[in-house]
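Notes follow once the structure below has been shown.
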Ligand code: ADP
């Protein structure tokens, strides 16, 4: 199963992606993590991407698409993936469809986590992330047991440079002006699932899993009806 998670910054995409990978036994691929990893390793691509990230801008498609498709071609992702942060533009979505088609795969669902903008700003301004594995905490709503230390792996917590100042507003503007257009793109392919992301983490996950099940039953049913009508046309 290949899933695209669509949501603004702070909508809980990363958290839900992690939970979904465990629930469905598939891999998590976050484009932002790929860039941060490339920067930590001081690759040319990582250093080029960093300048855009610090300004809160999208990294150009030619870098982003190649990087994600290359990773998706890794056999580890063959049995399914939750894509988090990619695609963010129609051009990226089209490139993804073409790339997957070449691998004889396809996107099954695109799930949108809907959260109001003022809630997103509150979440982002208190967000802390661990260095080792990007586990997410929040000053008020989800503080770590020991201040500044990740509960899960003991690594240091830090605030992302693009979670403060003008970069936050710019990232949200890009989401609500550009990335939001993906909803129509996937609706036209009958793959869109819209979920209320402004609920407890467990409830959002339960809603997503319910919607996936329903969608699969419906698509099996429509395949069944299509099969029947083809039989009757032939007969
Ligand atoms: P967020 O979604 O909170 O902005 P991410 O970690 O997903 O955080 O991404 C961090 C930055 O990486 C983005 O602001 C952008 O500069 C870059 N980036 C990530 N994914 C993409 C993408 N699909 N296209 C272009 N740039 C991207």
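The values are calculated or read from the model by the stated rules, or taken from the named source; none is laboratory data. Remember, it's a predicted structure, so these values are computed and weren't measured experimentally. Heads up, the Cβs are rebuilt from the backbone with ideal geometry, glycines too, and the neighbour counts pull from every protein chain shown.
Points worth noting:
- Filter result (more than 15 Å from residue 115 (Cα to Cα) and free of Cβ contacts under 8 Å to residues at least 60 places away in the same chain) within the range 190-215: 190, 202, 206, 210, 213, 214
- Qualifying position, being without any contact (Cβ under 8 Å) to a residue 60 or more places away in the chain and either touching a helix residue (DSSP H, G or I) at 6+ places or on another chain (Cβ under 6 Å) or under 19 Å from residue 49 (Cα atoms) (or both), among 142, 160: 160
- Elements of type helices (runs of 4 or more DSSP H) in the range 117-190, at least 2 residues being away from the ligand (no atom under 14 Å from the Cβ) and closer than 30 Å to residue 106 by Cβ: 182-188
- Members of the range 127-137 that are closer than 23 Å to residue 172 by Cβ and modelled with pLDDT of 90 or more: 127, 128, 129, 137
- The range 46-93, subset without any contact (Cβ under 8 Å) to a residue 40 or more places away in the chain and away from the ligand (no atom under 12 Å from the Cβ), residue farthest from residue 177 (Cα to Cα): 75
- Unmet requirement for residue 120, which otherwise passes all of (1) more than 18 Å from residue 169 (Cα to Cα); (2) buried (at least 17 other Cβ atoms within 10 Å of the Cβ): (1)
- Within the option set 22, 55, being at pLDDT below 95 and more than 23 Å from residue 212 (Cα to Cα) holds for one residue only, 55.
- When the range 64-89 is filtered for residues that are over 18 Å from residue 27 (Cβ atoms) and out of contact with any helix residue (DSSP H, G or I) (no Cβ under 6 Å at 6 or more places or on another chain), the ones remaining, listed by number, are 64, 66, 89.
- Helices (runs of 4 or more DSSP H) contained entirely in the range 1-109, each with at least 3 residues that are touching a strand residue (DSSP E or B) at 6+ places or on another chain (Cβ under 6 Å): 13-24
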